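Take a look at the structure set out below.
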Amino acid sequence: MYEECIALLEERGVTVDDIVDCVVFLQKQYVKNIEEINIHEIVESVIRKREVQHALMTGINIDIQVDKGAFGSETIQQIIGTDEGLYGIDEVLAYGICNLYGSIALTNYGYIDKVKPGIIGTLNDHDAGQCNTFIDDIVGAIAAAAASKLAHSQAVK
């Protein structure tokens, strides 16, 4: 299932490198030797978690179905398709990922969702000609979870 998740991300224009960049953005001021750490491995370990895979596959497939116009309800099609501000189900999937990695992950997610660095901002621009309502939050949550995992590995002993 890991390979399927990576393929879904790549089909939507997201690479593991993009997520690594977001982790570095979140942690560079806190981890002195960040360039010496294999952040790829941390991101991959987050994506290998079954609950993360389920959230990722569900969210991206919702975005894909919106692209196809496959929702029976024009209302929900329009709400998701325009990433309406009061529609919070996309964040709920992201919170599910963050909750696996503690309160730091949730705090990281809130911050990264607000400032939208790198690929998250690109996805959120809505200029790609595809629905990115769920994927931008899922990518942010994976980065936030990986940043939390990194932070915990650097804890003072």
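The values are calculated or read from the model by the stated rules, or taken from the named source; none is laboratory data. This structure is a prediction, so every number in the text was calculated from the model and none was measured. Backbone-built Cβ (ideal geometry, glycine too); neighbour counts: all protein chains shown.
Residues in segment 10-41 that are β-branched (V, I, T) and more than 19 Å from D136 (Cα to Cα): V31, I34, I37, I39.
Pairs are defined by a Cβ separation below 7 Å, a sequence spacing of at least 6 or placement on different chains, a first member in segment 68-84 that is among the polar types (S, T, N, Q), and a second member that is at pLDDT below 90; the pairs so defined are Q77/F71. Among all positions in segment 28-51, there is at least one residue which is aliphatic (A, V, I, L, M) and touching a Leu at 6+ places or on another chain (Cβ under 6 Å). Restricted to segment 45-78, and to residues there that are assigned to a helix (DSSP H, G or I) and among the basic types (K, R), the residue that is modelled with the highest pLDDT is R50.
Residue-wise test of (1) under 17 Å from I64 (Cα atoms); (2) modelled with pLDDT of 90 or more; (3) aromatic (F, W, Y); (4) part of a helix (DSSP H, G or I).
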position: I80; (1), (2), (3), (4): yes, yes, no, yes
position: Y95; (1), (2), (3), (4): no, yes, yes, yes
position: C98; (1), (2), (3), (4): no, yes, no, yes
position: A105; (1), (2), (3), (4): no, yes, no, yes
position: N108; (1), (2), (3), (4): no, yes, no, yes
position: Y111; (1), (2), (3), (4): no, yes, yes, yes
position: K114; (1), (2), (3), (4): no, yes, no, yes
position: G121; (1), (2), (3), (4): no, yes, no, yes
position: D127; (1), (2), (3), (4): yes, no, no, no
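Figure legend. Inter-residue proximity from segment 22-36: first residues among the hydroxyl-bearing types (S, T, Y), second residues in a helix (DSSP H, G or I), beta-carbon distance below 8 Å, spacing 6+ or different chains. Indicated pairs: Y30/A151.
Screening D17 against (1) over 25 Å from I89 (Cβ atoms); (2) in contact (Cβ under 8 Å) with a residue 24 or more places away in the chain; (3) not in a loop (DSSP other than H, G, I, E, B) leaves a single unmet condition, (2). Being crowded, with 24+ Cβ neighbours inside 10 Å, aliphatic (A, V, I, L, M), in a helix (DSSP H, G or I) and out of contact with any strand residue (DSSP E or B) (no Cβ under 6 Å at 6 or more places or on another chain): is that true of A151 here? So A151 fails the test. Among the residues making up segment 46-66, those that are buried (at least 22 other Cβ atoms within 10 Å of the Cβ), within 13 Å of the chain's Cα centre (by Cα) and within 18 Å of Q77 (Cα to Cα) are G59, I60. Looking across segment 11-23, the residues that are over 15 Å from G59 (Cβ atoms) and either in contact with a Lys or Arg (Cβ under 7 Å, 6 or more places away or on another chain) or of a type in the set (D, E, K, R) (or both) come down to D17, D18, D21. Within segment 24-45, the set of residues being buried (at least 17 other Cβ atoms within 10 Å of the Cβ) and closer than 14 Å to S153 by Cα comprises Q27, V31, I39, I42, V43.
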